[in-house]
1. With a point put 7 Å past each Cα toward its Cβ, work out how far Tyr38 is from Val135 in nm, to one decimal.
2. Of Thr65, Thr136, how do they rank once you tally other Cβ atoms within 10 Å and put the fewest first?
3. What list of ³J(HN,Hα) values in whole Hz, one per residue of segment 105-122 in order, does the Karplus curve 6.51 cos²θ - 1.76 cosθ + 1.60 (θ = phi - 60°) give from phi, with Gly and Pro shown as x?
4. Under a 5 Å amide H to amide H cut-off, with H placed in plane at 1.01 Å, what residues pair with Gly82 once short-range neighbours are removed?
5. Given the DSSP H assignment, sum -39500 (n - 2.57) over each helix run of at least 4 residues in the chain and divide by its residue total; what's the result at 222 nm in deg cm²/dmol, nearest 500?
6. Rounding to the nearest 10 and keeping the result within 0 to 90°, find how far the Cα-based axis of helix 18-42 lies from the longest principal axis of the chain.
7. Between Ala68 and Asn4, what's the calculated FRET efficiency when r is the beta-carbon distance and R0 is 35 Å? Round to 0.05.
8. With an 8 Å Cα cut-off and a minimum separation of 6 or more residues, compute the relative contact order for the chain in percent.
Amino acid sequence: MKSNFYSRPVDEFATSKADALILVGRILFAWVFVGSAYGAIINFSGSVGYSRSLNLPAPELFTATNIALEILISVSLVLGIGTRFCAVLTFMFVLVATAIAHRYWEYPSGAQQIGQYNHFLKNISIMGGAMLIFVTGAGRFSFDRKM
């Protein structure tokens, strides 16, 4: 499809800066997992309590596994190591997390339901971002490209 007069500069910028923009996008995308892992580490007992409130078996193990996966996802995305595999892992991890922890329809209407609905929507968006990273790959500024 041929771009029109107005979109040509935007298309040219995106094309000429694609690798740098993909790097920035990977870092921004990873940020949510860095923050989540950090929060769970510094408040491990609170995270375990949340897992327990969801009636998950072995909440300590579940929480530790979540932290490990979030660290793995963060490192892989930022450094661009196994990026496409990481995108699939991210999609599956967030899908499971959404199904377990953000069933907004089970909350009473009001602030709790709205909060869970926002988390649900955020997770849907993260899954979309994971699909985009799966398609684009890591770009030039990555260990994937070096190997």
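Each reported figure results from applying straightforward, stated rules to the coordinates on display, with no laboratory input. Just so it is clear, the structure is predicted and the values come from calculations on it, not from any experiment. A quick note on method: Cβ atoms are made from the backbone with ideal geometry, for glycine too, and the neighbour counts reach across all protein chains shown.
1. Placing both labels 7 Å along Cα→Cβ, they lie 3.1 nm apart.
2. Thr65, Thr136
3. Along segment 105-122, the couplings run 5, 8, 8, x, 4, x, 4, 4, 5, 5, x, 5, 5, 5, 5, 4, 5, 4 Hz.
4. Here the answer is Asp144, since their amide H atoms fall under 5 Å of that of Gly82.
5. Computed ellipticity for the chain at 222 nm equals -26000 deg cm²/dmol.
6. The two axes meet at around 10 degrees.
7. Working from the Cβ atoms, E equals 0.15.
8. On the way: 138 pairs, mean separation 42.2, N = 147.
Normalised by residue count, the contact order of the chain is 29 percent.
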